[in-house]
Amino acid sequence: MYWFFVLLLSFCIVILLMPTFIKQMEKHRILDAAGGRKIHSGYTAHMGGVVIFIGFLCGFCFSLTGIREEISPLYIVSLLVLLGFVMVIGINDDMNSLSPVRKLIFEIVVSLCLCALGIRLKSFGGFLGIHTLPVWISYGLTTFFFIVVSNAYNLIDGIDGQAALQALAALGGIAFFLWQFIPVEMRIVEGLNNPMLWLMLIASAMGGIVGFLLYNWQKARIFMGDTGSIFIGFIIGMAIIVCMNLNVEGDAQVWNYKIQSNLGVILCAFFLPLADTLRVFILRVRKGKSPLYPDKTHIHHLLLRINGFSHAKCALTLFFLQVGIMLVMFFLSLFFNDNIFAIIIFFAWVLYVAFVQIIARIKLKHITK
């Protein structure tokens, strides 16, 4: 239950600080204006990720007093410094609108530093017959993965409550995996791949996100901005990588059933944002546009155009959809290895695309009536 007190501390810090932070944002006119792709009205305070980070930092530092395993303070300090740098990137982007190239360069630098700390994909666990990865391939794949996850998470931050709920679904699923699937003997490992360390880190992040959600629910008083989305995206990416490594190395199991999927099952904790980003990118390329070209073709944009779908109903629908997909995939991972599981994920994505097309047709019917 120690994790609950960590989550509660982070939650309380955010709840206490957020009203004052919102007033300061409004006082100094640091606001997000409506228009263009933005579907809110008027002016809304943003950069709520700053308060989430403060709550996370307080909860995580408190949690270190309860972790019995020896973890070098240098690892902890290095991790927190890198997360602080991620926050600086987000603040600069929100305040000064960093160019995509500069933002990408900063993200690559942070990703490579995380790899150097040992948070990198080290093995495919037999997927496609590949086991241990050469260091340079490991660094490259992990860096690419961090950038994809952080940007996929950023892209779903389009309506009130959406990003927070998707983060809670992903982090909750990863925490469940760490607690239930990883054997007890694997919960004491060196460095930053320690499962208990990540349970506390995830609890700290979730507490801050829940506190933020209370102010971000329709109608939102504040947005997290890139300050929050980049930070949370990296947290999710790192947690997924750590779980992949532990799963490969520790023969994860639940209820005496061994997990057959080493890699794919963890990815399903973040299935919906990744699936929708891939769908949108392909759609844009087919139209002859850049994959990064902004538009309103994301799943939440389509749902909002259906009569009766508010921000809250849309965010909750996608939250339960993600949770449902994740639970089904966790169950299937008990029976299929990654070679087969990859095919299952592909067909799940095809079904998702078909689901979105049905929503698009419903939207058109409402428009033509």
Exercise. For residue 335 and residue 138, what is the calculated FRET efficiency with R₀ set at 25 Å and r taken between the beta-carbons, to the nearest 0.05?
Worked result: 0.30
Seminar exercise, completed: So, with points 7 Å from each Cα along the Cβ direction, the residue 328-residue 29 label distance in nm works out to 5.0
Exercise. Across the chain, how many lysine pairs, 8 or more apart or on two chains, come within less than 25 Å at their alpha-carbon atoms?
Worked result: 29
Problem set entry | Mean Cβ count within 10 Å, highest first, over the residues of peptides 111-119, 239-247 | 239-247, 111-119
Problem set entry | Selected from 106, 79, 162, residue furthest toward positive end of dipole (the stretch 2-368; charges at beta carbon) | 162
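What number, in percent, do you get for the relative contact order of the chain if the mean sequence gap of Cα pairs under 8 Å and at least 6 apart is divided by its residue count?
Across the chain, relative contact order equals 24 percent.
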Exercise. Mind checking the dipole of the stretch 2-368: about its Cα centre, +1 per Lys or Arg Cβ, -1 per Asp or Glu Cβ, Debye to the nearest 20?
Worked result: 1460
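Provide the net charge surrounding residue 319, with neighbours chosen by a C-beta distance below 15 Å and charges set as Lys +1, Arg +1, Asp -1, Glu -1.
Working: positive: 313; negative: 157, 160, 276.
Its environment carries a net charge of -2.
Read-outs throughout are calculated quantities, based only on the coordinates presented, and are distinct from any laboratory measurement. If you're wondering where the values come from, they're calculated on a predicted model, not measured in any experiment. In this analysis, Cβ positions are derived from the backbone assuming ideal geometry, glycine residues included, and neighbour counts consider all displayed protein chains.
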